[in-house]
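Asker: Dropping the structure in here first, questions after.
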Amino acid sequence: MLRAFLLASALSLAALSNPSPVLAFDMTNQADVFDASRLSPEEIRFVQSMLAFNGEYDGMIDGKWGPASQRGLQSFMKHMGLKGDPLLTIVMIRVAEHQQRFAADSWERVHFGGFDISFLAPDAIEQINVTPPGLAFSTQAYPLIYGLDHGLWSQLGGTHEGLLEKAFPGTKTYTVRKPNLKITAVTTRLDRIKADAAPTEVVAYLRSDRHNGSWTTLFVMTGGESRGLISMVAGSVVPGRGEPIGLPPGGELDTFIREATQTGLFGTFDEDGNIAPPPGAQAADKPAPAEPVRPAPAAASACRSWRDRVTLTGTIRKQSFPGAPNYESIAAGDEEEIATILTLDEPLCLMESPGEEMEPAMAGIREMQVVMPLPASTGPVSVTGTPFYRYTGHHHTEVLLDNQ
C-alpha cells in the first residue's frame, strides 16, 4: 500500500482543510448556471482535477478559476452533448462521480518528504526497483508509472534532451526551460524508451525543479489512451508541500451533493461508476439525454475510416487560444495561438480502427481544427485531409484534419 511504502521513504501527507461555505448552493438553484466564483480554492482545485482527468484541462491545479478552466468546463460539457452554459446540476453530477473515484482509489496530493515535492497519486501501488535514493512505483488501478530522483535526470526517463529525442516522429512535444524549472512532455512508443519493450504508444512527462538549492526530477508515464491521467498528475505537481486536492466536507459542493442525494435528484451510480443525468437538468427545449457518452455510429457503411483522405465542406473561422508555456492565459504571459477551425455543414462519422486506441468510433463530429492555416470564410469552403485524434495542448478540437 502507498502509505506503508512511502512512510518508510520519509513520506508526509498534507492535511485537509475544511472551509465554511459563504454562500451555499442549495436545491432551489439547481437549474442555475455553474458559478465557480462561489467556490473555495480547494473546491476549485477539485473541479480542475476532474476536468484534467477527463482530458479537458492542461493547466495547473492551483485553485484559481481562469479562462483555461472555464474553457475546459465548456469543452467538457460540449463533449457530453450539452450546449450552452454549464448548468449547476450537470457539473455537480460529474463532481460527484469524480469524488467517488477519488474515494475508491484514495487519490490525494502526497508530499514526498525525501524529495520535498508534492503531486497526486492513488493509494494502491507496486514498488519498482531503482537505485537508492531514487523512488519508483506503478499504480494498481491505473496505467501509471512514477519515478523520483535527485538531480536533473531520471532512472526511468533519462535526461530532458534524451527524452525529447525519443518523441515519436510527427508528434508535438512540450518543453519548458527556465533557470529553476525544466519540463519535457512527449508522445512516444515504449520500445523507444526501453529497447526490449512492446511498441505501445505512451505519453511521458519529465519535470525537474530546483528547490532549496538542489534539483528533484519527477518522471510520469501512462498509455496513449490515458492522457488525462498525465494532465491531472502534472497539473498537481508543486515543490514543497502542496495544498490538498479533494472535496472538502461541509463546503459548497459537498453540501449540494448531499442535499441532491437526499432528495433523489442524482439517482444511483451504475456499474461503471456513472450517475445518470437527472430529469430537467437541461434546458426545457432540449430533453436530457441518458448517460452522456460519445454517440456511436449507426452503421459502419455511413462512416469513414481514420485513414481515409476526406473532403469536407463548411465554414472557416480563426480562434485565439493560449499557448506555451502554460496553455492557460494569454494575459498571464502565455503565447497566443491562432487556430483554424472548420465548422462542418454535415457531421462526420468515423469507424473504429481495430487495435488503434487513438482511432475510436466517433459520430456527430461538427468542428475540426485544420492543421495548415486557411483564411476565414463567410461562405462554404471545401477542405481535403486526413482526420486524427488530438494528442497535445496545441490541439483545440477532439478530432483534427491534417490538410498538408
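Asker: In segment 131-210, which chymotrypsin sites (Phe, Trp or Tyr not before Pro) are in a loop and have at most 10 other Cβ atoms within 10 Å, using DSSP for the loop call?
Answerer: Counting only loop positions with at most 10 other Cβ atoms within 10 Å, none of the chymotrypsin sites (Phe, Trp or Tyr not before Pro) in segment 131-210 qualifies.
Asker: Along each of the three principal axes of the Cα atoms of segment 300-402, give the extent in whole Å, ordering the values from largest to smallest.
Answerer: Here the spans come out as 47, 36, 19 Å, largest first.
Asker: Once amide H atoms are placed 1.01 Å from N in the peptide plane, what residues at a sequence separation of 5 or more from G246, or on another chain, have their amide H within under 5 Å of its amide H?
Answerer: It is F46, by chain and number.
Asker: Which residue, chosen from H79, Q99, F34, occupies the Cα position most advanced towards the positive end of the dipole of segment 2-239, where the dipole is computed from +1 (Lys, Arg) and -1 (Asp, Glu) charges on Cβ about the Cα centre?
Answerer: H79
Asker: Please state the charge dipole magnitude for segment 300-402, taken about the Cα centre, from unit charges on C-beta atoms (+1 on K and R, -1 on D and E), reported in debye and rounded to the nearest 20.
Answerer: In debye, rounded to 20, segment 300-402 gives about 360.
Asker: Counting only other residues whose beta carbon sits under 14 Å from that of S154, what net charge do I get with K and R as +1, D and E as -1?
Answerer: Around S154, the surrounding residues sum to +1.
Asker: Could you work out the relative contact order of segment 46-198? I mean the mean sequence separation of Cα pairs under 8 Å and 6+ apart, divided by the number of residues, in percent.
Answerer: Once normalised by length, the contact order is 10 percent.
Asker: Are there any trypsin sites (Lys or Arg not before Pro) in segment 45-151 that are in a DSSP loop and have at most 13 other Cβ atoms within 10 Å? List them by number.
Answerer: Sites meeting the loop and neighbour criteria: K83.
Asker: Sorting M80, M358 on the 10 Å Cβ count, fewest up front, what's the list?
Answerer: Fewest-to-most ranking of M80, M358: M358, M80.
Asker: In whole Hz and in residue order, list the ³J(HN,Hα) couplings for segment 238-248 that follow from phi through the Karplus curve 6.51 cos²θ - 1.76 cosθ + 1.60, θ = phi - 60°; x for Gly and Pro.
Answerer: Along segment 238-248, the couplings run 9, x, x, 8, x, 5, x, 10, x, 8, x Hz.
Asker: Around F76, with a cut-off of 10 angstrom between Cβ atoms, what is the net charge of the other residues, counting Lys and Arg +1 and Asp and Glu -1?
Answerer: Net charge in that neighbourhood comes out at +2.
A short reminder: the numbers here are calculations on the coordinates, not readings from a lab. Because the structure is a prediction, the values reported are computed rather than measured. Every residue, glycine among them, receives a Cβ derived from its backbone with ideal geometry; neighbour counts consider all protein chains shown.
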